[in-house]
Each structure stands twice: as C-alpha cells, then as structure tokens.
1. Tell me, what is the per residue accessible area of the chain in Å², probe radius 1.4 Å?
2. With the crude spin-label approximation of a point 7 Å out along Cα→Cβ, what separation in nm comes out for SER44 versus GLU60?
3. Do the sum for the chain: with -39,500 (n - 2.57) for every DSSP H run of n ≥ 4, divided by all residues, what is the mean residue ellipticity at 222 nm, to the nearest 500 deg cm²/dmol?
4. Could you check which residue among ARG63, ARG38, ARG52 shows the biggest mean-square fluctuation in a GNM of the chain with a 10 Å Cα cutoff?
Amino acid sequence: MPSPPDDVTLPDGVVWSVGDVATALGLPTSTVRTWERRYGLSPSERTSGGHRRYNTQDVERIRRVRQLVEQGVSPSEAARSVLQAASEG
C-alpha cells in the first residue's frame, strides 16, 4: 500500500483511534500496536475500556518513525531518535 503524502496537515484537537492512525499513515494497525509495545510509541490517552487514543503529536511521532524506516533506519533506532527529539523539544 502506498504511503500517504507527508505534507498532509493533521488537525489539532482530534483524537485518533489506532485504525485512524494506521489508515492516515499507510501502516497496518498491527505495526502501530507493535511499535507501541516494542518501542514506546504510546498514545497519550486510553479510554476506560483500554482503547488507544492518539493526539496529533502522537500521530506526528509515528509519521516521523515511518519516514525514517522508509529511509532505511531500523524501527528501533527510528523510534529512539524520534522519542529523544520529542523529550528534548
């Protein structure tokens, strides 16, 4: 499946489900869940029923990881880099 364009602006204030994130970024939902479990790319919120809810910043972090992986960076290194940058700025 081709990836969506990276210049699409995500609206602020929107809360995304894992399926919404996967569709918007051209990733399988299993990849989004795996990146959360393995690399700490967690959503900012969960519902009382445990459903993932991603805000715009969460989605942007995952988008950046996807971009780095497409450039040949390993998922673990991409996630580490993106999370470090988020914590610094």
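The values are calculated or read from the model by the stated rules, or taken from the named source; none is laboratory data. Keep in mind the model is a prediction, meaning the values are calculated, not measured. Counting neighbours? That spans all protein chains shown, and the Cβs are built from the backbone with ideal geometry, glycine included. Areas reflect the complete protein model, heavy atoms only, side chains present, ligands, DNA and RNA absent. Shrake-Rupley method; radii C 1.70, N 1.55, O 1.52, S 1.80 Å.
1. On the way: 5250 Å² over 89 residues.
Dividing the accessible area of the chain by its residue count gives 59 Å².
2. In this crude label model, SER44 to GLU60 measures out at 1.0 nm.
3. Details: 4 runs with 48 residues, N = 89.
About -16500 deg cm²/dmol.
4. Fluctuation is largest for ARG38.
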